[in-house]
Amino acid sequence: MRLSGGLIDRSRTLRFSFDGKTYAGHPGDTLASALLANDVRLMGRSFKYHRPRGVIAAGSEEPNALVELRDGARREPNTRATTVELFDGLQARSQNRWPSLRFDAMAVNDLFANFLTAGFYYKTFMWPRAFWEKLYEPAIRRAAGLGSLSMQGDPDAYDKGFLHCDLLVVGAGAAGLAAALTAARAGARVILADEDHRLGGRLLAESHSLDDRPATEWIASLEAEFASLSNLRILRRTTVFGAFDHGIYGAVERVSDHKPEPGIQPRQTLWRITAKRTVLAGGATERHIPFRDNDRPGIMLGGALRAYANRWAVSPAKRVAIFTNNDDGHRTAFDLISRGVEIAAVVDSRPNAQAKGTYRVINDAVVSGSKGRLGLQSVAVTRGGQTEWIACSALGVSGGWNPNVHLASHQRGRPVWDEAQQTFLAPADLPGGMIVAGAAAAQGTTHAALASGADAALRALNDLGIAASRPALPAAEDAPLNLRPLWHVPGKHRAWIDFQNDVTVKDVKLSHQENMRAVEHLKRWTTLGMATDQGKTANVSALAVMAEMTGKGIAETGTTIFRPPYTPVSISVLGGGNTGEHFRPRRLTPSHPWAAAHGAVFVEVGQWMRAQYFVRPGETHWRQSVDREVLAARKGVGICDVTTLGKVDVQGADAAEFLDRLYCNAMKSLKTGMVRYGLMLREDGQAWDDGTCARLGETHYVVTTTTANAGTVYRHMEFARQCLWPELDVQLISTTDAWAQFSVAGPNARKLLERVVDGFDLSNEAFPFMACANLSVCGGARARLFRISFSGELAYEIAVPARYGNALFARLVELGQDLGATPYGTEALGVLRIEKGHAAGNELNGQTTAQMLGMGRMVSTKKDSVGAVMSRREGLAADTRVLVGLQPVDPSEPVVAGSHLFAEGATQETATDQGWITSACFSPHIGSSIGLGFLADGAARRGEVIVAANPIQNQSVRLRVVSAHFVDPEGERLRA
Amino acid sequence: MLIPHPLLGLRDAQEFSYLGDASLLLRPDGMAENAAETFFPYVYLRENPAGLHRELWFHEQGDRSWLVVTRNTVTHEILGAELAGDVVARNRASRDGGDLA
């Protein structure tokens, strides 16, 4: 029911629906407060037993009131009704019930509660093993879990950003505000973050005055001052969810969760905050006191009941009882009475508590039971063995407060038990630069919170050498709690500790009985604290119960460790918008515009989008396009963008020596104006990467790498330069993106290039195979020309500055019309190199050696180079597998890469395995599928028929071992 | 994590790529008689300390410096960072064939 007053805007009415029924609320309401205002107490069903549940808290610690929000692709399960800001048109549904919230068929689980106790999963699903996948898992999946996903893509945008500050203040309650004020006035760069949309924290939920004025007035005056300070940034609706290394904090700002749709704004933003110092002023979470049937809708935390009344002007009932072990319960009673709520009784477990107003106090008593199927109707009060039933529709339970030390222990520090205050405090080994203040440091009175916040900021600023003075703080209440511990009300029946995971005091006792006594065992055996709320309202109480069983103190029992995130964080915001096309950078080759306009189908090659093949009119299958491109390169001239190959510019007096040490083959002897194939090994002796090394000048080389290793080879070259041989005079720079490079391959390649070069002699005598030169093309464009071939044809690679790449590509195709000039993509590139027997990534996969590639003798023994020593290891040197060509005996049969090779007639098992097929394709030149593979004793087995086994597809194909050079084995074409 | 780059100040660890133990700086002579014996530990044997660790980081998204970073593997505290080239130079000046100086 709605009370008077509160921090809601009654001038506007918002319509919303819950389980299809329409209700009204006001701006300032949360979904939970608006439902309570409409007398809706039943909001969900519990996880295991499907018991009716209502809201118990007023903040992000809420374990019960989890609802599904919105519809369609924006449907979001497990949102806490207590943190959902009401907006017009909001749609919410209850979860974990069928067919309806009031009648849930799965509530039958409650009757089998004895089977669903601690260790249920471990005990039940051990055997029979065959039941696991077929019965247990599907059954559990259906029964478990709360909300359901939309199964559609997230339509909203997410963002991420980086922030830096001198002081990060987590929490904008009394302590946080005082800290932010102190630091901001001193001129420090301050970030103040709070999960609420409104500054004030607990101040908004209390009726206390500050300097004899409502607290909201003080907050308003601060906000006015803050608005004028450019060194302070306030992040509202922002949860700091994790404390990471070196003062880095993760935070999620819910930019537009409070709107029906985000519009042009992101839905949420992930902030990575680097803070020199941090004041953790995250407040405290109230404890409840487990008693029999303490989970009925209407039973809430006392502080939450008070918050609903003071801030949102709602009460779940007209007649309310309180159960407390400290003075906070009386404060709740006082505030409720002053707002017109009837107090049935305050049940106080202490012997001599005094009433703070006109209401009935039952001292030395406990609540020992409750009634009401879908909502509380009455509670049992036991005093000195006598039980009395008291009618009430809501009960506020106050068991004391647990400081929110989560962030303080994210770096593995264990919270420390404080016997005097009966709470866990932040660990001594805090994350670097963190100071804890306010209720999070058990400084829970308003006066203490304000003072400790200001003091924490002063300490932090002093550390940083920033002069600051303590601001005048308003006079505030400073009443102690006078708590007398009561962790649970003993009894035979079920008393809930962890509402969200349905863990009861009995489960903790059973865990103790079954010797799962260590906190980490207790947690896993009972699933305590393992739900989405991470046991914020449960853990400490459960530890206390366990401590009682074992007879050890709570200090010795200890607590489990807190890990990020503090509250659930969506995967979408962690992705920070890096989804779909934005998942990673997309690199386009220089000829991309031309290719896109001429039928190219693109393929992702790492970050690159490369033309895979070019579809011409009439071609309906990719093989038609690829076969045409291959034959064009063999008969006319093909043009392919090979810019993606890594390029590293190497200059310096010692460049030759440097390269000689990097490549396993000799490089020093390379003459200016010539290119040489180069093979790099890893230091462990395996082949790593290959490419070409072009000596453009006495002290100037350009080396290429494979596309895949462009980054790692460059990194390795810098490692060699800076770490291994810093004495060499050599400089490196990656020029992969600076130069567009095209392969021009085929019998007509020279004729075509003659049409673009500016007076450059391309004759075989002047520019032989493996020559390179600087030149100009197309009337003055700077260019580089390399006579190298990956296809076995007469071929060149021509490079121009990347900005001329697209134009040159178009020019080559246009000028070569009569020569059969044909652009080709990566598929044809692959076919051409397989036909020629060139190794590529499939062969250089990190498991092969120079020897296996048929290049064993290239590894120079006359010099030291990376990997040379280890390549001579016995185990590698004795490997007889070598690269061979493979051709099906029956030309209609396929060759499948990945197939393993066996002798004909041999059993097919690991022991008889003789190698594998690395690359395969259909060769239009040969007229059948062909392949390359590594075969034991391959060099001596030319002509032999072997078997390729592909058990995955139940294939077994007879192959003939042939030369790896299917095309022009003598190499006459490329030297022509 | 933040890495105190000796030239550029505190930089976010995301800008770096990690290689590992800085003993990789001490590459043996591949032409020496006993190269087969010296390369085996160089390539394969690493200390895995719970505590201070000197390790190689590459400022790949930055100035492309290789750094030797001293990090506590237990706490992630970073005690310092130097240019790898400086460490090599110092090591050669004082080297008695032993560990990284």
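The values are calculated or read from the model by the stated rules, or taken from the named source; none is laboratory data. Since the structure is predicted, the reported quantities are computational estimates derived from the model, not experimental observations. Positions of Cβ are backbone-derived with ideal geometry, glycine not excepted, and every protein chain shown enters the neighbour counts. The area values use the complete protein model at the heavy-atom level, side chains included, leaving out ligands, DNA and RNA. Shrake-Rupley method; radii C 1.70, N 1.55, O 1.52, S 1.80 Å.
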Antiparallel DSSP bridges in chain A: what percent, to the nearest 5?
75 percent
The protein assembly as shown - mean residue ellipticity at 222 nm from DSSP helices (-39,500 (n - 2.57) per run, n ≥ 4, rounded to 500)
-5500 deg cm²/dmol
Could you compute the FRET efficiency for residue A:729 and residue B:61, with r as their C-beta to C-beta distance and R0 at 25 Å, rounded to 0.05?
0.40
Keeping every protein chain present and rolling a 1.4 Å probe, give me the accessible area per residue for region B:2-95 in Å².
52 Å²
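Count charges around residue A:52 for me, please; just the other residues with Cβ under 14 Å from its Cβ, Lys/Arg as +1, Asp/Glu as -1.
Numbers: positive: A:41, A:45, A:48, A:51, A:53, A:97, A:102, A:296, A:371, A:373; negative: A:19, A:104, A:110, A:293, A:295, A:502.
Cβ neighbours under 14 Å give a net charge of +4.
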Angle check, please: helix A:446-464 long axis (alpha carbons) against the longest principal axis of chain A (alpha carbons), in degrees 0 to 90, nearest 10.
30 degrees
Can you tell me which of B:47, B:82, B:55 moves the most in a GNM of chain B? Springs connect C-alpha atoms under 10 Å apart.
B:47
Shape call for region A:312-365, from the Cα gyration tensor axes a ≥ b ≥ c (a/c under 1.5 means rounded, otherwise prolate when a/b beats b/c, else oblate), comes out prolate
Mean shadow area (nm²) of the C-alpha convex hull around region B:2-95 is 6.8 nm²
If ligands, DNA and RNA are left out, what is the accessible area of residue A:123 with a 1.4 Å probe, given in Å² to the nearest 10?
90 Å²
Give the residue list of GluC sites (Glu not before Pro) in region A:730-832 that are DSSP loop and have at most 14 other beta-carbon atoms within 10 angstrom.
A:765
Could you rank A:770, A:106 by how accessible they are, 1.4 Å probe, largest area first?
A:106, A:770
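Among A:199-205, A:936-942, how do they line up by average Cβ neighbours within 10 Å per residue, starting with the highest? Please report the intermediate quantities before stating the final value.
Details: A:199-205: 23.0, A:936-942: 15.3.
Top to bottom by mean Cβ count within 10 Å: A:199-205, A:936-942.
Averaged over B:29-39, how many beta carbons belonging to a partner chain fall within 10 Å of each residue's beta carbon? Provide the component values of the computation, followed by the final result.
Details: counts 2, 10, 6, 2, 0, 0, 5, 5, 1, 1, 9.
Average neighbour count from other chains, rounded to a whole number: 4.
On a 28 Å Cα-Cα criterion, which of the cross-link pairs A:21/A:134; A:259/A:318; A:48/A:523; A:160/A:276; A:492/A:552; A:48/A:160 come out too long? Before the final figure, lay out the partial values.
Details: A:21/A:134 39 Å; A:259/A:318 32 Å; A:48/A:523 16 Å; A:160/A:276 20 Å; A:492/A:552 22 Å; A:48/A:160 37 Å.
Where the Cα-Cα span goes over 28 Å, the pairs concerned are A:21/A:134; A:259/A:318; A:48/A:160.
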Once the Cα atoms of helix A:328-338 and of chain A are each reduced to a long axis, what angle between those two axes, in degrees from 0 to 90 to the nearest 10, is obtained?
70 degrees
Take the alpha-carbon centre of region A:710-762, take the same for region A:901-976, and report the distance between them in whole Å.
33 Å
What translational D, rounded to a whole number of µm²/s, comes out for region A:210-258 from Stokes-Einstein when the hydrodynamic radius is the Kirkwood one over Cα pairs, at 20 °C and 1.002 mPa s?
159 µm²/s
Classify region A:454-571: rounded, prolate or oblate, from the alpha-carbon gyration tensor (a ≥ b ≥ c, eigenvalue square roots; a/c under 1.5 rounded; otherwise prolate if a/b is larger than b/c)?
prolate
Taking every alpha carbon pair in region A:522-628 and sorting the distances into 10 angstrom bins from 0 up to the bin holding the longest one, the percent per bin comes out as 11, 23, 15, 11, 11, 13, 10, 6, 0
I'd like the orientation of helix A:710-719 relative to chain A: the angle between its Cα long axis and the longest Cα principal axis, in ° from 0 to 90, rounded to 10.
90 degrees
Quick one: if you stick a label point 7 Å off each Cα along the C-beta vector at residue A:754 and residue A:635, how many nm between them?
2.2 nm
If contacts are Cα pairs under 8 angstrom and at least 6 residues apart, what is the relative contact order of chain B in percent?
25 percent
Compute, for residue A:778, the solvent-accessible surface of its heavy atoms (probe 1.4 Å) with the complete set of protein chains present, and express it in square angstrom to the nearest 10.
60 Å²
Take chain B, connect every pair of alpha-carbon atoms lying under 10 Å apart with a spring to form a Gaussian network, then pick out the residue of B:40, B:16, B:58 with the largest mean-square fluctuation.
B:40
Taking DSSP loops as anything outside H, G, I, E and B, show the longest stretch in chain A free of chymotrypsin sites (Phe, Trp or Tyr not before Pro) there with at most 12 other beta carbons within 10 Å.
A:104-582
Summed for both chains, how many Å² of accessible area, to the nearest 100, are buried between A and B with a 1.4 Å probe?
2500 Å²
Taking 8 Å as the Cα distance limit and 6 or more residues as the minimum spacing, I'd like the relative contact order of chain A as a percentage.
9 percent
Share of carbon and sulfur in the accessible heavy-atom surface of the protein assembly as shown [1.4 Å probe, %]:
51 percent
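To one decimal place, what orientation-averaged projected area in nm² is obtained for the convex hull of the Cα set of the protein assembly as shown? Each step should come with its number before you reach the end.
On the way: hull surface 206.8 nm².
Projected over every direction and averaged, the Cα hull of the protein assembly as shown covers 51.7 nm².
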Please label the shape of region A:412-482 as rounded, prolate or oblate, based on the square roots a ≥ b ≥ c of the eigenvalues of the alpha-carbon gyration tensor (a/c under 1.5 means rounded; beyond that, a/b larger than b/c means prolate, else oblate).
oblate
When the accessible area of each residue in region A:717-743 is compared between its chain alone and the complete protein assembly (1.4 Å probe; ligands, DNA and RNA ignored), which residues differ by at least 40 Å², being lower in the assembly?
A:719, A:722, A:723, A:724
